[in-house]
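See below for the structure under consideration.
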Amino acid sequence: MNKKKLKILVFLFALNSITLYLYFSSHPDHFRHKSPKNHFPNTQNHFSLSENHHHNFHSSITSQYSKPWPILPSYLPWSQNPNVAWRSCEGYFGNGFTLKVDLLKTSPELHRKFGENTVSSDGGWFRCFFSETLQSSICEGGAIRMNPDEILMSRGGEKLESVIGRSEDDELPVFKNGAFQIKVIDKLKIGKKLVDEKFLNKYLPEGAISRHTMRELIDSIQLVGADDFHCSEWIEEPSLLITRFEYANLFHTVTDWYSAYVASRVTGLPSRPHLVFVDGHCETQLEETWKALFSSLTYAKNFSGPVCFRHAVLSPLGYETALFKGLTETIDCNGASAHDLWQNPDDKKTARLSEFGEMIRAAFGFPVDRQNIPRTVTGPNVLFVRREDYLAHPRHGGKVQSRLSNEEQVFDSIKSWALNHSECKLNVINGLFAHMSMKEQVRAIQDASVIVGAHGAGLTHIVSAAPKAVILEIISSEYRRPHFALIAQWKGLEYHPIYLEGSYADPPVVIDKLSSILRSLGC
């Protein structure tokens with residue numbers, strides 16, 4: 001080995017040694033916080049100062065145990081844009097959280113060295129992003145301590161059969177003062193609450209929500225000094241704290257999925273966060289999709305003692321999303337392709353729901369190519385989404401309310417008609433969703449050319465439908481609600497309703513409408 005190569009090796013060794021020294025000397029908590037137990041599956045408690053392109057972090061050690069974001073054809077940047085118009089489509093469905101409110105900041109020296117979200121032994125940080133359009137906030141912070149013993153609720157995550165009859169009040173959290181804490185070094189702040197009622201009313205208004213659990217959680221946060229900030233374990237990867245209400249209903253769960261997705265994007269998380277359910281609901285079939293969408297999940301009461309989060313994000317309630325607000329206010333938006341919006345921005349158009357639907361499909365490993373037209377080798381799929389009796393939650397009798405009194409007759413008539421359809425071969429799919437896994441349900445939706453069904457939560461799956469899919473909704477006189485017409489509009493899907501005088505549908509009428517749709521598809 002010549003002297004020149006030796007000098008290069010010595011130089012590289014010295015540079016690496018200096019880099020390691022500077023990193024560990026400026027991150028003393030890396031050595032200080034050890035975890036006796038890890039509640040996130042497939043994760044280890046090691047320090048992760050994640051790169052965040054939106055917040056321009058200066059350091060990046062991304063956890064290999066967090067799922068990466070998939071590549072989505074409809075993705076558009078979520079960076080902060082102060083010019084997002086009030087009540088525009090981006091204001092409703094994207095990053096309209098344009099007002100940043102800092103409640104706690106890190107020290108100027110650490111801010112300069114490692115970025116604004118750096119947490120060390122000096123203390124934590126907390127801030128909120130407020131949306132004037134949605135009248136809602138997404139909040140995040142660091143060095144946050146959660147004490148499960150100070151949250152009154154059932155354990156959560158149990159098998160449904162073991163908690164039959166349990167009341168909803170037992171499952172929703174009640175936060176004692178100090179249930180959540182943030183470490184501070186300013187002695188004048190120690191012992192105080194993070195926020196006052198004026199802040200809550202301005203940035204976390206209750207609106208029409210009878211119990212605003214995110215507001216109540218933030219109201220419980222107290223500021224404590226280092227001597228009182230004790231943790232049984234540290235969670236190093238970004239974690240999303242979520243409280244669910246109508247957790248067994250697909251429509252309301254989709255609003256929660258969307259809120260969690262938006263919160264993750266607005267805060268610029270470099271990979272999919274881990275979830276902590278701050279509620280005591282039992283296990284449901286819908287958890288399969290929660291687990292697919294995000295890196296892992298656990299229930300707050302599963303922690304054996306006070307747990308500290310290096311980076312926690314508080315997801316708004318699903319009631320505060322455009323998906324829910326659209327039921328009571330006019331949201332004049334139409335679905336468009338991300339490519340078109342990138343070239344010609346339009347406040348009246350959005351690709352965000354298409355992006356979200358692609359996220360669900362990608363989470364299950366399905367293709368998300370927008371040019372993919374759902375058509376099998378033998379012919380197009382006609383998916384009939386069925387309503388079935390099933391036990392949904394501890395207070396449910398197991399019987400679903402009929403929205404189509406002769407559903408079986410309509411389905412059988414479509415099957416018989418399809419067998420004799422001469423123009424092309426049709427595949428009629430019996431969408432018995434209550435007895436299918438979530439992955440199978442999403443597969444059936446994405447492969448369908450036409451999706452037929454009576455008004456019911458199962459139709460919310462159309463958020464994951466292919467771009468060229470057509471929706472045919474059969475609507476009884478008692479359930480003339482705009483849920484699925486709006487989702488179709490916001491995704492840019494072709495939508496056709498059949499309005500009934502009661503709950504009985506004449507099969508020839510349904511078949512005539514379906515035949516017309518198929519002719520327009522060239523079949």
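The values are calculated or read from the model by the stated rules, or taken from the named source; none is laboratory data. Given the structure is predicted, the values throughout are model-derived calculations rather than measurements. Here the Cβ positions follow ideal geometry from the backbone for every residue, glycine too, while neighbour counts run over all protein chains shown. Heavy atoms of the whole protein, side chains included, go into the accessibility calculation; ligands, DNA and RNA do not. Shrake-Rupley method; radii C 1.70, N 1.55, O 1.52, S 1.80 Å.
Measuring with a 1.4 angstrom probe and ignoring ligands and nucleic acids, Trp417 comes out at about 60 Å² accessible. For the stretch 321-365, the list of trypsin sites (Lys or Arg not before Pro) that fall in a loop by DSSP and count at most 12 other C-beta atoms within 10 angstrom reads Lys348. What is the stretch 453-523 by shape, rounded, prolate or oblate, if you read a ≥ b ≥ c off the alpha carbon gyration tensor as root eigenvalues and call it rounded for a/c under 1.5, prolate for a/b larger than b/c, and oblate otherwise? It comes out oblate by the Cα gyration axes. The Stokes-Einstein estimate for the stretch 136-233, based on a Kirkwood radius over Cα pairs and taken at 20 °C with 1.002 mPa s viscosity, is a diffusion coefficient of 141 µm²/s. Amide H contacts for Tyr299 (H built 1.01 Å from N in the peptide plane; partners 5 or more residues away or on another chain; cut-off under 5 Å): Phe277. The orientation-averaged shadow of the Cα convex hull for the stretch 216-269, equal to a quarter of the hull surface, comes to 5.6 nm².
The Cβ shell under 15 Å around Asp347 holds other residues with a net charge of -1, Lys and Arg each +1, Asp and Glu each -1. Measuring from centroid to centroid over Cα atoms, what is the spacing of the stretch 246-306 and the stretch 124-158 in Å? First find each Cα centre; the distance between them is then 13 Å. Candidates Asn249, Val313, Thr328 compared by Cα position along the dipole of the stretch 221-342: farthest toward the positive end lies Val313, with charges placed on Cβ. Backbone amide hydrogens, once placed in the peptide plane, bring Ile144 within less than 5 Å of Phe309, excluding anything fewer than 5 places away on its chain.
Counting heavy atoms of the protein chains alone, Cys231 has an accessible area of about 40 Å² for a 1.4 Å probe. The distance linking the stretch 450-483 with the stretch 226-245 is 39 Å (Cα centroid to Cα centroid, whole angstrom).
The charge dipole of the stretch 434-523, taken about its Cα centre with unit charges on the Cβ atoms of Lys, Arg (+1), Asp and Glu (-1) only, comes to about 300 debye.
With N denoting the number of residues in the stretch 250-353, provide Rg(C-alpha) divided by 2.2 N^0.38 Å, to two decimal places. Don't skip to the answer; put the middle values down first.
Values: Rg = 16.3 Å, N = 104, 2.2 N^0.38 = 12.8 Å.
Cα-based Rg divided by the globular estimate yields 1.27.
What's the magnitude of the charge dipole for the stretch 261-362 around its Cα centre, counting Lys and Arg as +1 and Asp and Glu as -1 at the beta-carbon? Answer in Debye, nearest 20. Spell out each step's value before the answer.
Values: 10 positive and 12 negative charges, 73 e Å.
Around 360 debye, computed over the stretch 261-362.
Taken over the Cα atoms of the stretch 163-293, the convex hull encloses 152 Å³ per residue. Hydrodynamic analysis of the stretch 292-344 uses the Kirkwood radius over alpha carbon pairs. Inserted into Stokes-Einstein at 10 °C and 1.306 mPa s, it gives a translational diffusion coefficient of 101 µm²/s. Which whole-number percent of Cα pairs in the stretch 398-495 have a distance greater than 19 Å? Percentage above 19 Å: 46. This model, with +1 at the C-beta of Lys and Arg and -1 at the C-beta of Asp and Glu, gives the stretch 196-343 a dipole about its Cα centre of some 180 debye.
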